[in-house]
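All of the numbers you see were taken from the coordinates with simple rules; none came from a lab. All values derive from a computational prediction rather than experimental measurement. Cβ placement follows ideal geometry from the backbone for every residue including glycine, while neighbour counts extend to all protein chains displayed.
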Amino acid sequence: MSDNEVEKFEVTDYDLENEFNTHRHGKRQTKEQQIYGVWAQEEGDGEEEQEVAMEMPIPRVRVLRGGLNFVAGGVQQAGKKDEKSKKETTSDGESESELTSRPMFGAHADSSDEESMPRPQVPTSFSSKKHASSFASKSSKRADIAGLRRGGSSSTGLLGSGVGDWERHTSGIGSKLLKKMGFEEGKGLGKNLQGIATPVEATKRKGKGAIGFYGSERTEQSLKDFPVHESDEEEKEKFKELLQQWKKTGNKKKIKYIYKSAEEVIKEGKTKKLKPSEYSHITKTKVIDMTGPETRVLSSYHAIGGQKNILDEFEEDKNKKYEEFDLPELIHNLQVLLDKCEDDIVINARTQERESDRIVHMEHEREKYETLLEREKKELEGLDDVISLVERLDTRHKEQSLSLSEATTIFSEIKSDFPKIYYTYEIPYLAPTYVTPLLKELLRTWNPLAQPSAHKEVFSAWQNLVDLGGAQQQAGSDIPMDPYHHLVWETWTAAVRSTVMGPWEPRDCGPLLAVLEAWTLPLIPVWIQGHLLQHVILPRIARAVHNWNPLEDTVPIHTWLHPWLPLLVDHLQSVYPFIRQKLSSALVHWHPSDRSAKMVLQPWKNVFSEISMTMLIQSNIQPKLEAALLEMSITPHSQSLDPWHWFLDWDDLLPPQVTLDILERCFFPAWFQSLGSWLSSQPPHNEVISWYKGWRDLMPKSVINRLQVRQKFQQALEVCIRALSYQPGAVEQFNLLLAGLEKLTDPPPPPPLGSPPRQRSVDWADIISSARRDSLSMREVVERRCQDRGIVFVPLPDRLHEGRPVYKCGKLNVSFNKNIIYVQTERGWMPKSMTTLLDDA
């Protein structure tokens with residue numbers, strides 16, 4: 001095979017036509033092909049070539065002139081033999097002189113000689129009939145096909161002159177199919193005419209390289225139809241550069257020199273680890289190496305990594321190949337110099353960067369200290385001014401010529417002009433020393449009861465000047481009291497305390513309440529107001545309660561005590577027992593016809609606890625009402641209702657359970673007795689019904705719908721029915737009254753399906769008693785137990801334990817903290833149980 005020949009593997013027309021043909025003959029290798037491979041003869045028309053060879057032997061001249069023929073390698077494409085034979089027939093007219101003037105290689109040279117030589121006639125007797133007939137049929141078939149192609153076609157081109165002229169030599173089937181499918185000349189292909197309108201043009205490649213190796217192979221028409229973008233050109237250039245890498249350049253290696261600038265060396269040296277210099281402290285460190293068989297002393301740490309074994313160095317030098325002019329010592333020295341130069345560049349760059357950063361930092365520090373110096377200079381100047389103002393304030397104070405307005409001006413000037421110094425050096429704490437005497441002098445002639453709002457603007461101004469927002473000073477704390485709180489405590493509180501302890505009368509509470517309403521938050525701190533209420537005003541109120549006599553005082557106690565409830569809600573609990581005790585003593589000789597008792601007790605209904613109010617009524621009011629009802633005679637004809645009206649007047653104060661007790665014990669027995677005696681005289685049922693309705697309407701509204709009351713009236717109606725059933729129409733009317741009572745007592749509707757079972761009904765008295773037990777405090781429980789046992793239980797005025805009132809329980813002093821009882825003993829306040837307390841008391 002010559003150098004120019006290549007093995008062809010392209011797909012031929014024969015392959016495309018017979019790809020899906022199941023009856024085509026398989027291409028099996030002959031024995032010769034198995035032996036010789038690509039140098040074997042081709043298998044296409046083997047019999048025909050053998051027959052031609054038998055018919056016409058090759059002359060010696062052709063062999064001498066043409067030289068040796070070489071069989072082309074690869075797979076022979078279908079249809080190539082016919083073209084070859086056609087070329088051979090067209091070259092019959094060539095002379096031998098023309099053959100000698102052209103290169104004689106391959107089948108082309110042989111074909112020309114073969115056609116020029118006359119074909120001898122071989123007798124038919126030398127060949128079989130089968131060969132002769134097959135040869136004749138094949139020759140005739142070729143002649144017919146050749147004659148058809150030589151005749152050509154009368155069809156013209158598809159798109160005009162110059163384009164598709166090759167259809168003259170064909171039947172024009174391509175143009176016919178296109179026109180049948182709707183193609184029009186000058187328009188594009190496709191359903192929507194989006195395809196190309198001109199045929200694809202072929203270009204001749206220069207050599208045997210790959211597609212694109214010799215540059216762009218596009219024609220002018222394709223460039224017009226599909227213009228090229230810059231990005232496409234760049235991709236092609238990159239692809240061409242990559243393609244050049246596969247180009248064979250021989251075994252000679254080209255030396256490539258790399259040049260670096262100082263900037264590149266500095267950029268690469270940012271992450272480079274430099275070796276310690278000769279003058280660093282690391283290089284002067286002596287190192288003792290004991291890793292080998294012998295102890296060695298090295299000059300520095302970097303000498304450890306740079307040492308090698310002598311045998312290893314010898315082996316490396318032995319195996320190293322030296323080519324041409326190779327001096328490893330010189331190359332090593334040059335490399336060392338180059339590395340040192342690069343290290344020097346990197347070190348200098350790093351030093352320069354470090355020094356520049358240091359300069360920037362020092363500039364920043366200089367600006368910062370200059371600003372600090374300027375600010376401190378201003379602060380020093382401000383301190384000098386503040387010191388001069390304070391010295392003037394102190395001088396005027398010592399001379400006793402300082403006025404309140406002048407002190408206010410000095411403090412206002414310091415706060416407005418030097419606010420930072422004012423709060424940093426706590427200038428407001430100077431106010432109690434200099435301003436307290438001035439405010440005391442101002443309030444010396446102030447009467448809070450007559451002028452409750454006087455001097456408010458003065459304290460408001462000083463609050464804005466010296467109030468630091470502090471709270472009350474805790475016991476044992478090192479934090480000083482807020483200066484404004486100190487001023488108020490020393491001046492205003494003292495003035496109000498002297499007024500309360502002096503001319504103020506607790507029965508005239510209006511003026512003092514006006515003072516407290518005028519001086520509220522934030523002008524007066526909470527703890528100062530609480531101190532006044534608990535330790536100044538409350539003792540005066542308790543003393544007035546001790547001196548109060550409900551039988552002699554014309555002013556009711558609630559008129560001057562209840563206004564203090566919003567301010568002394570919990571603290572007034574200590575005076576309530578004294579009030580109840582005095583009320584009880586005043587009601588000893590009270591008669592129900594006197595309605596003044598209700599006027600005195602009515603305001604205390606929502607003030608006293610429920611249990612306390614109930615006990616007060618049960619012990620003082622209930623016995624008198626029961627006695628009045630027992631003395632009342634119930635007669636159907638001449639009835640006196642004054643005792644009954646006295647009883648109804650207390651309906652809103654009496655608990656429902658107390659009212660029911662009074663009715664069951666004092667009214668209904670006498671009422672049933674009177675009814676029975678009247679029915680024995682057989683009165684008309686109309687009068688009985690009228691009498692029944694009258695008493696039913698007179699029932700207290702708080703118990704009219706109670707079960708006990710309805711049962712009593714139901715029993716009375718049943719007695720009336722049995723006694724007066726003989727009278728016409730009586731039973732029907734009494735039954736109507738019973739039906740009215742039954743409507744009130746109808747059971748509730750049944751619960752819906754799936755609801756939980758209804759709980760057992762509980763008596764209303766049990767509910768009240770349980771609710772009372774749940775709401776009782778420990779103090780109320782102890783008080784109730786003491787009353788049951790006859791033990792004295794009263795609060796002690798002006799006695800507190802940890803801010804809680806102290807009570808006298810028999811011979812013991814007790815205090816309560818939630819549910820814990822504390823008893824005062826010799827060892828102090830100790831907790832005790834209720835049983836132990838009652839036994840010891």
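Net charge around ALA841, counting only other residues with Cβ within less than 9 Å of its Cβ (Lys, Arg = +1; Asp, Glu = -1)?
0
Show me, for segment 481-490, the HN-Hα J-couplings you get by feeding each phi into the Karplus relation (A = 6.51, B = -1.76, C = 1.60, θ = phi - 60°), rounded to Hz, glycine and proline as x.
Listing the rounded values in order: 5, 4, x, 5, 4, 4, 4, 5, 5, 7 Hz.
What trypsin sites (Lys or Arg not before Pro) in segment 549-654 are in a loop by DSSP, with at most 14 other Cβ atoms within 10 Å of the Cβ?
Sparse-neighbourhood loop trypsin sites (Lys or Arg not before Pro): ARG595, LYS605.
Would you mind getting me the FRET efficiency between TYR726 and SER593? Use the beta-carbon distance for r and R0 = 30 Å, nearest 0.05.
The computed FRET efficiency comes out at 0.10.
Only loop residues by DSSP count here, and only those with at most 15 other Cβ atoms within 10 Å; note down the GluC sites (Glu not before Pro) in segment 164-235 that meet that.
GLU184, GLU185, GLU201, GLU217
Could you work out the local net charge near PRO483, counting Lys and Arg as +1, Asp and Glu as -1, over the other residues with Cβ closer than 13 Å to its Cβ?
Working: positive: LYS415; negative: GLU426, ASP467, ASP482, GLU490.
Once positives and negatives cancel, what remains is -3.
Report, by chain and number, residues whose modeled amide H sits under 5 Å from the one on GLN639, excluding near sequence neighbours (fewer than 5 apart, same chain).
none
Output wanted: per-residue J couplings in Hz (rounded whole) for segment 328-336, from phi through Karplus 6.51 cos²θ - 1.76 cosθ + 1.60, θ = phi - 60°, x for Gly and Pro.
Karplus-based 3J(HN,Hα) across segment 328-336 equals x, 5, 5, 4, 5, 5, 5, 5, 5 Hz.
Along the Cα→Cβ direction, 7 angstrom out, place labels at GLN618 and ASP289. What is the inter-label distance in nm?
Distance between the two pseudo-spin positions: 10.9 nm.
Nearest 0.05, what FRET efficiency do ASP344 and LYS238 give at R0 = 41 Å with Cβ-Cβ as r?
After rounding, the FRET efficiency stands at 0.55.
Stretched out fully, how many nm does the piece from LYS267 to LYS180 gain, at 0.36 nm a residue minus the Cα gap?
On the way: separation 87, 0.36 × 87 = 31.32 nm, distance 7.21 nm.
Extra length from LYS267 to LYS180 when fully extended: 24.1 nm.
Report the extension gain between SER585 and SER681 in nm, rounded to one decimal, defined as 0.36 nm multiplied by the number of residues separating them, less their alpha carbon distance. Walk me through the numbers before you get to the answer.
Details: separation 96, 0.36 × 96 = 34.56 nm, distance 4.79 nm.
Once the chain is fully extended between SER585 and SER681, it gains 29.8 nm.
Can you give the FRET efficiency to the nearest 0.05 for ASP570 and ASN705, using r as the Cβ-Cβ distance and R₀ = 56 Å?
According to the calculation, E is roughly 0.90.
Evaluate Rg over Rh across segment 777-840, taking Cα atoms for both radii and Kirkwood's formula for Rh.
Details: Rg = 10.7 Å, Rh = 11.7 Å.
Rg/Rh: 0.92.
Out of GLY195, HIS169, MET181, whose Cα points farthest toward the positive end of the dipole of segment 163-202 (charges: +1 Lys, Arg; -1 Asp, Glu; placed on Cβ)?
The one lying farthest along the dipole's positive direction is MET181.
How about segment 547-632: which chymotrypsin sites (Phe, Trp or Tyr not before Pro) there lie in a loop by DSSP and see at most 16 other Cβ atoms within 10 Å?
In loop regions of segment 547-632 (DSSP not H, G, I, E or B), the sparsely surrounded chymotrypsin sites (Phe, Trp or Tyr not before Pro) are TRP590.
Which links in LYS204/LYS224; LYS208/LYS236; LYS256/LYS340 stretch past 27 Å when you go from one Cα to the other?
Over 27 Å Cα-Cα: none of the listed pairs.
Could you tally the net charge around TYR422, taking each other residue with its Cβ under 14 Å from the Cβ of TYR422, Lys/Arg +1 and Asp/Glu -1?
Residues close to TYR422 contribute a combined charge of -4.
So between SER412 and GLU376, what do we pick up on full extension, going 0.36 nm a residue minus the alpha carbon distance?
Working: separation 36, 0.36 × 36 = 12.96 nm, distance 2.29 nm.
Gain on stretching SER412 to GLU376: 10.7 nm.
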